[in-house]
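The values are calculated or read from the model by the stated rules, or taken from the named source; none is laboratory data. Values in this document were obtained by computation on a predicted structure and should not be read as measured data. Note that we place each Cβ from the backbone using ideal geometry, even for glycine, and neighbour counts take in every protein chain shown. SASA here: full protein model, heavy atoms, side chains in, ligands and nucleic acids out. Shrake-Rupley method; radii C 1.70, N 1.55, O 1.52, S 1.80 Å.
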Amino acid sequence: MDKVYNQQEVENKWYKFWEDENYFKATPGDSKKPYSLLMPPPNVTGALHLGHAMQHSILDAIARFKGMQGFNVLLLPGVDHAGIQFEGTLNKLLEKEGTSKYKLGREEWLKRAWKFKEESYNSVSATWRTMGLSADWSREVFTLDPKVAKAVLTEFKTFWEQDLIYKGAYIVQWCPKDATAIEDVEVEYEERKEKLYYLKYGPFTLATARPETKFGDTAMAVNPNDKRYKNDIGKEFEIETLTGMRKMKLVGDEAIDPKFGTGVIKVTPGHSFVDYEIGKRHNLPIIHVIDKTGRLTEIAGKYAGMKVAEAREAMLPELREKGILVKEEEYTHTVPVCERCKTVVEPIISEEWFVSMQPLAQKALKRIGEVSFAPKNYQKIISDWIKNIHDWCISRPLWWGYQIPVWYCLSCNPTHQVANKSSRGVIISQNKPTENCSSCGKQDWVQDEQLLDTWFSSGLWPMATLGWPENTVEFEKYFPWDFEISAGEIKYLWIARMIMLSLHFTDQIPFKNMFFHGMIRDLQGRKFSKSLGNGIDPNELREQWGTDALRMALFSYSAPGRDGRANKQTMDERAKNFRNFGTKLWNIGRFIIDMKSNVILNEVKEIDSSTTLRSAQNDNDKQILEKLNKTIKEVTKNLETFNLHLATETLYEFIWHEFADKYIESTKNRREQAQPVLEHVFRTCLELLHPFMPFITEELWQKIPHQGKSIMAAAWPE
RNA sequence: GGACUCGUAGCUCAGUGGUAGAGCGCUUCGUUCACAUCGAAGAGGUCAGAGGUUCGAUACCUCUCGAGUCCACCA
């Protein structure tokens, strides 16, 4: 054996060997009990980060463990097209090149998008392999693949026929920068110090943080039990709007907090969620003041065309002059911003597509208990969200992804009117329909412009990857998945949706075990982000310390649901520790394999555990075998319960401080007698360690007496 | 305003109803030894604070303080 362990060479050699010998390939046809693991598809927008590396290492460790236990393992990989995020990243790139989405036009842009997807994908794919992932590459899926397209169409069509999809004008969170509706879950709140303005509205004074929406006011509201205003409820007042006088009613509504400001608020149903609801209850008209680019509309008179923040400043002098603005107060509140671009989002009324979630939610709540969560409390967190679920806005004005498969008949439905499946001049189809319109008999189809929300397709991930809606062998064998993993971040967007969709369409939960890993943050506890420049490149760590060492370092952060803090230095420290552990293993190997006495070298060895145990007469032998047994039990238990951080700790402690430090030292003066036990314990350790450190364990295992072609196929020690 | 998580050695983190743990860092010593990518020895902690349950609490309960996350239409 070489004196020094050549990590790079060993990693390349064995990964190629495993792939060439089909060790990663799932075999749905065989009779072994299945164990299926579904890789969450990373976005095809850039390189993989430390969190991915951890997630994939966990998946791989469990897959290898289950494989050694004799299961028929499927670890299925894939990537997500990630609509909004992908377009955002690509458009930034185009901006740098001095061009843009709109300059290129849809066709050219899409060509460019596919090229960009390939580049990103290649980087992702390369990292997967170097991390040692034992995924079945022959079954890799991209969310825009034809088989997923088929599933998405089925999903849409089924919802449509079940009357769960509808189109309508609703108030939605709108990001002016991304020019798209976004969902509640994609909105973040930032604390801002702003002003609260007290404005004269006829006989009343009211407080508002948003004077610029004044042009869209159609009423005033008070709490119906507020004695100060009780007698005025229902009366109409002439109100100065800066563009003329307008009649507004004072309505009574429970939603109003009498303690806020003066107890009176202005109602702008077109640009506030609360006001929209109040408007619905009192039949108030809606006026659009803010357009989809975040500027005021012509309703705002001379302020038209200004951005919201500009307009707010610009109108203050006039408000003061006319005696409308009577008081200003410092005011700290939270404003909604887009989680991606941090732009203040505007509630805007827009034509969007929705899925009615109530029936799905009810079913999910009944059966969510069938999913075993780690940590356990995630079941409650997700259930609570599902209990209060809103309808799902699934339309997005994008170009990258699935276009809504709705076609309008231009002859009988030129304005794209549609409420539900009974609307006329509408048809659901993936491609341009070839049939005639059932209403007017003509063939003049045009497709809905918008695209489907990315999660509409990734919500089907557990099913679509196995060929659903076809009843495939794979689906039969591997669904529901035994193991799924995710960051806590997307528990609602993705995990909750997969559970609801899967139960709705297949009547089965999508996965039996749902593991949430924590998030690795920087030393101040902030998320890693490009803008902060605090990210750590897993590839850099891997090149420096080796894949096995990096994986071990990541496992030490893998306690379910626990966040960790790290920077390059602390990651280096941990990785270095496990690189040293690898060196230790290598030297144990050299001792056992190379440093045999001549007597042993001449002997023909076969593995026979009874021989091993019989020869273990010495107290040290008995002790180490006993401790090994305990270690096997503990490691197995911790793997079964997905406590990889404990499993690795146990092994580290046993191998280094029991086996190497104590037992090996004790054998130096009775080498021949101890050799069978040395080999037995070492081989068992390598097998136990293989799920975590796949490369060095294979390399060393091949050098000692063993059965079979690869440690991947060795039986898990018992 | 609700819900949750965390607070343990200088740093990053495990852990447990019964004498406080690891790695890194630090101090001292040690290279004919499988291993200096190492070994031996060591310093370093009222386990955030207060109260309660208990024979016994760092662990279980309550409160306080501190850090963080998520949810919520506060104008």
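Measure nothing fancy, just the Cα-based angle from helix A:50-68's long axis to the longest principal axis of chain A, in degrees from 0 to 90, nearest 10.
Tilt relative to chain A: about 50 degrees.
Compute the signed sum of charges (Lys and Arg +1, Asp and Glu -1) over the other residues within less than 11 Å, Cβ to Cβ, of A:H81.
Result for the local shell: -2.
How much length, in nm to one decimal, is gained on full extension between A:T205 and A:E540, taken as 0.36 nm per residue of separation minus their Cα-Cα distance?
Roughly 114.4 nm would be gained on extension.
Let's test the formula: R0 of 45 Å, r as the Cβ-Cβ distance of A:S372 and A:E449. What FRET efficiency results, to the nearest 0.05?
Efficiency for this residue pair is about 0.60.
Compute the distance in nm between two label points, each set 7 Å from the Cα along the Cα-to-Cβ direction, one at A:E188 and one at A:E161.
The two pseudo-label positions are separated by 4.3 nm.
Full extension from A:I593 to A:R562: what is 0.36 nm times the residue separation minus their Cα-Cα distance, to one decimal in nm?
Computed gain between A:I593 and A:R562 is 7.1 nm.
Between A:D507 and A:E19, what is the spin-label point distance in nm, taking each point 7 Å from the Cα along the Cα→C-beta axis?
Simple spin-label model gives 4.2 nm for this pair.
Cα axis of helix A:358-367 to longest principal axis of chain A: angle in degrees, 0 to 90, nearest 10?
30 degrees
Could you tell me how many degrees, from 0 to 90 and to the nearest 10, lie between the Cα long axis of helix A:671-689 and the main elongation axis, the longest principal axis, of the Cα atoms of chain A?
Long axis of A:671-689 versus the principal axis of chain A: about 10 degrees.
Can you tell which of A:P560, A:H645, A:T218 lies farthest toward the positive end of the dipole of chain A, using +1 and -1 charges on the Cβ of basic and acidic side chains (Lys, Arg; Asp, Glu)?
Result: A:T218.
What whole number of Å gives the distance from the Cα centroid of the range A:442-456 to the Cα centroid of the range A:473-534?
28 Å
Can you give the local net charge around A:Q702? Use residues other than it whose beta-carbon is closer than 12 angstrom to its beta-carbon, Lys and Arg +1, Asp and Glu -1.
Local charge sum for A:Q702: +2.
Expressed as a whole number of Å, what is the distance separating the alpha-carbon centroids of the range A:191-266 and the range A:41-72?
Value for the Cα centre distance between the two parts: 56 Å.
Taking all protein chains in place and a 1.4 Å probe, what share, in percent, of the accessible surface of chain A do carbon and sulfur account for?
C and S atoms contribute 49 percent here.
Could you give the length gained on full extension between A:R424 and A:F260, defined as 0.36 nm per residue of separation minus the Cα-Cα distance, in nm?
Between A:R424 and A:F260, full extension yields an extra 54.3 nm.
What FRET efficiency comes out for A:D145 versus A:E476 if R0 is 25 angstrom and r is the Cβ-Cβ distance? Round to the nearest 0.05.
It comes out at approximately 0.75.
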